[in-house]
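Please read the structure below before turning to the comments.
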Amino acid sequence: MAALGRVSQLLLKASLLQSRRQLSAAVAGGHGEQAAKTWKILSFVVALPGVAVCMLNMYLKEQQHTHEQPEFIPYSHLRIRSKRFPWGDGNKSLFHNSHMNALPNGYEGHDE
């Protein structure tokens, strides 16, 4: 068993040495320069137009989006305040949006 372990270690070392030689030969042969040029071309031809298409899609979706306030329905399981928040008046969440986030008794600025 020990001999098998030594043989496997020798084979592993030999394969690692061979792969190092191949990698150093590839770098010395200018392969790195060609790869860098390929990735630069791909970045400008594929990645940047892809980002532009995604931005256009987001802009068009935002233009179709309505900004109407949802109807307030006083469900008992929503907007439970068992203790006050440690900031502000204690009733609003940390990232409170008065137009979209209702308080327990309704939206702000609306008389009911």
Quick check: pseudo-label points 7 Å beyond the Cα along Cα→Cβ at residue 85 and residue 34, how many nm apart are they? 6.0 nm
FRET efficiency estimate (nearest 0.05) - Cβ-Cβ, residue 59 to residue 98, R0 22 angstrom: 0.30
Give me, ordered by chain and number, the residues 5 or more places off residue 108 or on other chains with an amide H under 5 Å from its own placed amide H. 103
Give me the orientation-averaged projected area of the Cα convex hull of the range 49-112, in nm², one decimal. 6.9 nm²
Report the FRET efficiency, 1/(1 + (r/R0)^6), for residue 108 and residue 44, where r is their Cβ-Cβ distance and R0 is 41 Å, rounded to 0.05. 0.25
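Readers should treat all values here as calculations from the given coordinates under stated rules, not as data from a laboratory. The shown structure was predicted, so the numbers you read here are calculated from the model rather than taken from an experiment. Every residue, glycine among them, receives a Cβ derived from its backbone with ideal geometry; neighbour counts consider all protein chains shown.
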